[in-house]
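The values are calculated or read from the model by the stated rules, or taken from the named source; none is laboratory data. Bear in mind the structure is a predicted one, so any value in this text is a computation, not a measurement. Reconstructed Cβ throughout: ideal geometry from the backbone, glycine too, with neighbour counts over all protein chains shown. We work out accessible area using only protein heavy atoms, side chains counted, and drop any ligands, DNA or RNA first. Shrake-Rupley method; radii C 1.70, N 1.55, O 1.52, S 1.80 Å.
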Amino acid sequence: MSQIESKSQEIKVNDREGAFFVKGVGGFPKWKDGPWFVFVALSSVYSLLVLYFGITGLPADEVHRPFVLAFGLILCFFAFPSKIFDSGSKKEAALNIILILITISGCMWSYLTWIHIQENIFLTSRDILFGSILFIPVLEATRRTVGLPLVILGIVCLLYAYLGPYFPGVIAHRGYELERIVAVSSSGAEGIFGVPLAVTGAVISIFLLLGSFMTVTRGAEGFMNLASILTAGSSGGPAKVAVVGSGFMAMISGSAVANVATTGVVTIPAMKKLGYPPHIAGAIEAVASSGGQKTPPIMGAATFIMADFIGVPYIRVILCATIPALLHYVALFSQVNYMSLRMNIRPTLRSDAPKILSCIFNCIHIFAAVAVLVYLLLNKYSSELSCISAIIVLISVSFLRSSSRMNIRSFIEALVGAARLAAPMLAACGSAGLVLGILSLTGMGAKLSEAIEAYCYGSGSVALIFTMVVSLILGMGLPTIVCYLLLAFLVSPVLAKMGFPLLASHFFIFYYGVLSTLTPPLCMSSFTAAGIADAPMMKTGLTSVKLGTLLYIIPYGFMYNPELLFEGTGFNIAIHSAFAILGAWGLGIALEGFCYKKLNGILRVAFLFCSITLLFYINTPLVLVAVAVLASVYGYLRYSSLGNTETSYASS
């Protein structure tokens with residue numbers, strides 16, 4: 001048994017005991033584990049109803065949206081302590097019970113009065129009361145799960161709507177009574193109950209279930225073993241396992257931090273043992289795992305909202321993400337390869353890798369599920385039906401192996417795990433809907449869009465740089481979903497006016513929101529990896545930025561080279577993609593400054609310039625020159641190194 005395989009089994013056992021079945025929930029006392037039983041029961045009911053609605057179709061909005069909000073908030077109060085009182089104390093339990101009762105009352109009132117409010121302009125005093133108190137659990141659940149920045153933004157927006165006349169200059173407005181604020185923010189199909197909440201409760205929750213079922217059927221272990229087979233005998237060993245394994249995991253995880261926590265506990269210690277400094281080992285894992293939200297077919301939650309927001313099928317978003325995700329891993333693999341050569345890290349032995357046929361058989365249920373999912377999406381079946389079909393295939397095929405075969409316990413694990421991941425997203429979407437509703441009511445959204453357009457002086461490049469900076473800043477304090485929604489509301493109209501394609505503009509916004517998990521000072525993926533590596537957090541974060549340099553360039557590449565988003569003819573897409581992949585490989589060499597031997601400044605600049613030229617496909621003659629230069633320089637460096645025993649061993 002390989003080191004990775006045994007380590008994965010150890011992690012799996014620990015996950016079984018710790019991830020979902022830790023005794024004691026949130027701030028409730030452990031009264032005979034009653035609250036924990038309620039949490040498991042509610043989570044299971046939520047996930048089963050999500051599956052049921054996916055098969056039979058969603059109920060009416062007045063039923064579905066209050067239902068998913070109520071379940072999401074209640075699960076947040078069970079699973080995440082307030083940190084106001086001691087966890088497990090009676091005061092904490094009393095606070096949670098009060099919040100749960102307010103949640104049930106507000107959502108039930110919304111369900112009962114939904115049609116009445118849609119048909120009547122004026123709200124009754126009871127409508128205002130129940131609509132107002134719903135702000136409390138939504139913002140509190142957001143504080144517990146996401147943090148204060150989004151809560152502060154929500155409170156500021158509410159105050160801005162009410163105190164509009166007292167604000168200075170152009171941001172002042174006439175102000176709105178509480179009745180109007182409640183009508184827009186927490187009554188009907190806008191505000192808290194808006195489209196983001198509906199998409200999260202319908203589509204995203206089903207995909208979270210698919211990822212959760214893949215996890216409990218030991219998909220992570222299979223992917224890591226497959227990665228160790230593919231990279232066995234090449235320089236860098238565990239570092240390349242981290243890149244390839246995290247790439248596989250990114251296909252099913254949809255979360256960068258979760259990807260780090262799953263694969264990093266295996267790859268980071270192995271990299272350190274082979275000679276990588278701790279901060280580099282952590283950075284490699286962080287950058288490799290950062291593809292979790294943007295690698296098809298299961299991507300970050302924001303991509304589902306993006307598809308609904310701009311009215312395109314989810315398969316179109318998947319196609320757009322495919323080539324940028326491939327470039328991500330090609331560049332990182334290239335840089336890790338030449339870093340390993342520079343550091344003289346020897347290859348891992350092929351004899352240490354698992355047997356390939358056994359590994360493929362161990363992963364067959366994952367491959368089957370992904371194949372069914374992609375096939376149905378390509379044939380224009382709905383996202384919900386495609387995902388449910390993939391879940392059915394996954395569970396069925398998993399019974400072929402005793403190690404992946406599900407029982408009642410693992411089935412409940414999957415249901416609870418998906419619900420626990422969905423709950424914070426539902427809370428965040430409720431708060432985001434509140435903010436967007438106020439921006440629309442007050443006209444602040446249009447004012448901000450006009451200001452952005454004016455400050456960009458009509459320049460598309462300036463607008464892109466501005467969008468990048470704002471996305472990175474907002475992404476540090478807000479979830480990717482919220483960051484995307486705010487910028488899609490404020491900035492995407494500006495980019496569209498400047499001639500950029502709609503889908504590319506939205507993807508640009510989403511991409512930089514995801515990259516905030518790598519960008520200091522608040523880089524959660526890098527911090528998670530640093531904790532596993534026992535390395536300085538900020539040093540790991542800065543190293544992650546260096547390793548992920550191409551990630552900050554790719555969005556500009558597909559804005560000016562739309563073939564990278566599958567726009568254009570098949571021939572053009574293939575040619576531009578091939579040159580971009582070559583450019584990503586060359587950029588890895590330029591950033592590392594090593595290609596079988598240390599590069600001088602001129603050669604590094606040559607690799608950098610040629611790589612950027614290929615990525616952006618500036619024009620055909622220049623691209624051909626860049627290819628010729630890269631081939632010539634690489635050939636010379638490779639030939640001159642053949643007699644050097646330090647760099648001539650396996651490097652692929």
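Values as computed for the structure displayed
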quantity	calculated
Angle in degrees between helix 314-342 and the longest Cα principal axis of the chain, rounded to the nearest 10	40 degrees
Entries of LYS83/LYS240; LYS272/LYS294; LYS294/LYS539; LYS240/LYS597; LYS539/LYS597; LYS294/LYS355 with Cα pairs more than 32 Å apart	LYS83/LYS240
Under Karplus coefficients 6.51, -1.76 and 1.60, residue-wise ³J(HN,Hα) of region 599-616 in Hz, glycine/proline x	8, 7, x, 5, 5, 5, 5, 4, 4, 5, 5, 5, 5, 5, 4, 5, 5, 8
Size-normalised alpha-carbon gyration radius of region 333-465, reference 2.2 N^0.38 Å	1.74
Projected label distance in nm at TYR552 and PHE167, using a 7 Å step from Cα toward the beta-carbon	3.2 nm
With Cα atoms, 0 to 90° folded angle of helix 205-216 axis to the chain main axis	50 degrees
Accessible area per residue, Å², the chain with all protein chains present, probe 1.4 Å	39 Å²
Distance histogram in 20 Å bins (all Cα pairs of the chain, percent per bin)	18, 52, 27, 4, 0
Size of region 49-167 as Cα extents on the principal axes (Å, biggest first)	49, 45, 24
Full-stretch length increase - ILE364, SER396 - with 0.36 nm per residue and alpha-carbon distance subtracted	10.4 nm
For region 182-219 and region 271-335, distance of Cα centres in Å	21 Å
SER382 paired with ILE356, simple spin-label distance in nm, labels 7 Å along Cα-to-beta-carbon	4.2 nm
Rel. contact order, % - alpha carbon contacts under 8 angstrom, at least six apart, region 255-379	24 percent
Residues with amide H under 5 Å from that of PHE594, placed H, sequence gap 5 or more	LEU599
In nm, spacing of pseudo-spin labels at ARG174 and LYS90 (7 Å Cα→C-beta vector)	5.3 nm
Cα gyration tensor shape for region 517-652, rounded if a/c is under 1.5, else prolate or oblate	oblate
The chain, relative contact order in percent, only Cα pairs under 8 angstrom and at least six apart counted	18 percent
Tilt relative to the chain, helix 219-231 - C-alpha long axis, 0 to 90 degrees, to 10	20 degrees
Alpha-carbon centroid distance for the pair region 392-415 / region 482-508, whole angstrom	41 Å
Net dipole in debye of the chain [+1 Lys, Arg Cβ; -1 Asp, Glu Cβ; about Cα centre; nearest 20]	1520 debye
Heavy-atom accessible surface of region 48-182: percent carbon and sulfur, 1.4 Å	68 percent
